[in-house]
């Protein structure tokens, strides 16, 4: 076994995830066996195809693990970074955007389109690096209004008005 | 030819023309933005195509593909950052031209070359698609399975990085396509009791999350300085004359672009670098390449625009997307109930001709639209990144919501955004997953029909089908060759160290 580099650790994790996913799916497919020998499907039942893919995922996971752990001298699996930007702070995008996105998805039906989107856009502009309050307010106003007009009148989609306002009314 | 013109007249009205113009314009603008590109443009537009008829939606998507392939050259020339990976080769000469005060010439050359390459690709597509489709009319499930797996294997094997990871990504795409009810028995698979999953995973959530949200996460992480452009850009009419003075370069590069585009999994980046190399090798001014040679810009832009025509050929005639952007377009057509391929050609030949006409019109419009947009591009590149990021994320969310008007789709968007981000960070290509997801139902249906027809003699059945057998042999070669090459290099290394 060779010394693990950062790339190797990532590859081992990918191999293990693929292995775990493949095995989990493989066993899940045993629940799909009703419908065997029905009509056109007489050659393969509903579970066989996903089981085949699960087996491939499992084998590929094993191949990656073996390559990384035992054959690192023979194989090179490519770099993690695509090398397009040197000023990257890995993980900050997730930390900044995901709580906002999840918060918005929860708030959207409760607070309604205007309030939830307005707050979301202001916060999103802020985490994206914009610090000028007048520009943030103006951009949020333009985005919220233009999206409303586009979806409501362009595509005839009724956007949520908000459960709390409806309750009060 | 007359029938083609009649079909184009029947399917391409004023509405479709508007969508072609809109698509080329939007594509060029999105393509010019660093970190965006035709894939982002096509992805963001897919939700809106639900509200259009199939021909109009394809007009919009084809226009964005064509405009986006050209737009990348703008930022490559002006700021030295290719808006799209396919413009990386254009940067080699366009940026030095800009630095020496010839930005207008570089961008005009890129516009003219893209226009020429696009029209060339369109003409080849118009001539070749019906013939290829009629050849494929006798294909059964074995051939369809073989071709679908070839497309998937080529993408997984030829994308940057590890072949194993590419294959994993493709297998994951095939796996995600099985979520929902089984097409043969109607049994629910992997729905975990959620009624929203019985119809399968929403294509738009998967696509927008994987490509657009993950890209925006990465954009938020990068702290690039603001872009400053002071030069005024004008269309340089004398560059039009290079079509006559350097016609060999235009034709040769466009031909390389089309041929590379037809092969699944290779795409615009390879065609641009390949034609650049050929153009450099055959040029009397070799030493000028890399320092601002107009021939370099012509070669790369003509090739990558011609590739768009080539890559549409296998999708329209065989039903197999050879490129992730084309896979997304095929997904957009499938949503409308239109399945491209030989059967589509047989039953809907006039519509196919209409689509081919749209491609040619879009390619032709690239020159006037590019001409008119030149002054706009500079201003677009000045828009702060924070505004663009916010606008794109908002488009992703509401575009996804508009598809089914279900909050569940927005949750899926975040899940696939996280998956895409994790895959990018760990060096797993995204394209095989999308192609796997689009081809998944075709692969499953063909495999199960093949199992029914062949009974217990699968290999015996294949021997009687030479096209299918060739496909499977090619798949084996593509899968095994990287491993054998690595082993060969390792043995050579061992021998030299001894």
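The values are calculated or read from the model by the stated rules, or taken from the named source; none is laboratory data. Here the structure is a predicted model, which is why all the values come from computation and not from measurement. Note that each Cβ is placed from the backbone with ideal geometry, even for glycine, and that neighbours are counted across all protein chains shown.
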Residue satisfying condition, being under 34 Å from the mean Cα position of the chain (by Cα), over 25 Å from residue B:162 (Cα atoms) and not assigned by TED's automatic domain parsing to the domain that holds residue B:135, within set B:474, B:480, B:462, B:487: B:462
Conditions (1) closer than 30 Å to residue B:180 by Cβ; (2) at pLDDT below 95 -> residue A:116 fails only (2)
Would you be able to tell me the number of residues in the stretch B:178-194 that are out of contact with any helix residue (DSSP H, G or I) (no Cβ under 9 Å at 6 or more places or on another chain) and outside any strand (DSSP E or B)? 3
Could you grab me the full set of residues in the stretch B:423-463 that are at the interface with chain A (Cβ under 10 Å from one of its Cβ atoms) and farther than 16 Å from residue A:48 by Cβ? B:423, B:424, B:425, B:426, B:427, B:428, B:429, B:436
Residue satisfying all of: in the stretch B:152-177; at pLDDT below 85 and over 17 Å from the mean Cα position of the chain (by Cα); surrounded by the fewest Cβ atoms within 10 Å (Cβ to Cβ) among these: B:161
So if I check each of A:23, A:65, A:19, which one is surrounded by 14 or more Cβ atoms within 10 Å (Cβ to Cβ), modelled with pLDDT under 95 and assigned to a helix (DSSP H, G or I)? A:65
Could you grab me the full set of residues in the stretch B:34-60 that are away from chain A (no Cβ under 14 Å) and under 14 Å from residue B:391 (Cβ atoms)? B:40, B:41
Being buried (at least 24 other Cβ atoms within 10 Å of the Cβ) and over 15 Å from residue A:93 (Cα atoms) is the filter here, so list the residues in the stretch B:385-396 that pass it. B:396
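Residue-by-condition table, conditions (1) under 22 Å from the mean Cα position of the chain (by Cα); (2) within 26 Å of residue B:155 (Cα to Cα):
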| residue | (1), (2) |
| --- | --- |
| B:364 | yes, no |
| B:380 | no, no |
| B:432 | yes, yes |
| B:442 | yes, yes |
| B:446 | no, yes |
Assess whether residue B:341 counts as being modelled with pLDDT under 85 and assigned by TED's automatic domain parsing to the domain that holds residue B:197. yes
Before we move on, is residue B:433 surrounded by fewer than 24 Cβ atoms within 10 Å (Cβ to Cβ), in the same structural domain as residue B:179 (by TED's automatic domain parsing) and either modelled with pLDDT of 90 or more or assigned to a helix (DSSP H, G or I) (or both)? no
Taking residue A:115, is it free of Cβ contacts under 8 Å to residues at least 60 places away in the same chain and at the interface with chain B (Cβ under 10 Å from one of its Cβ atoms)? no
Members of the stretch B:157-189 found to be over 24 Å from residue A:27 (Cβ atoms) and more than 10 Å from chain A (Cβ to nearest Cβ), listed by number: B:157, B:158
Sole miss for residue B:106 among (1) within 21 Å of the chain's Cα centre (by Cα); (2) under 30 Å from residue B:215 (Cβ atoms) is condition (1)
Inside the stretch B:276-300, can you point out the residues that are crowded, with 24+ Cβ neighbours inside 10 Å and without any contact (Cβ under 8 Å) to a residue 40 or more places away in the chain? B:279
If I ask for residues that are buried (at least 24 other Cβ atoms within 10 Å of the Cβ) and more than 10 Å from chain A (Cβ to nearest Cβ), which ones from the stretch B:203-214 would you list? B:204, B:205, B:206, B:207, B:208, B:209, B:210, B:211, B:212
Condition first: facing chain A (nearest Cβ under 7 Å) and part of a helix (DSSP H, G or I). Now tell me which residues in the stretch B:394-417 satisfy that. B:394, B:398, B:402, B:407, B:410, B:411, B:414
From the list B:216, B:175, which residue is under 22 Å from residue B:31 (Cα atoms) and in contact with a helix residue (DSSP H, G or I) (Cβ under 8 Å, 6 or more places away or on another chain)? B:216
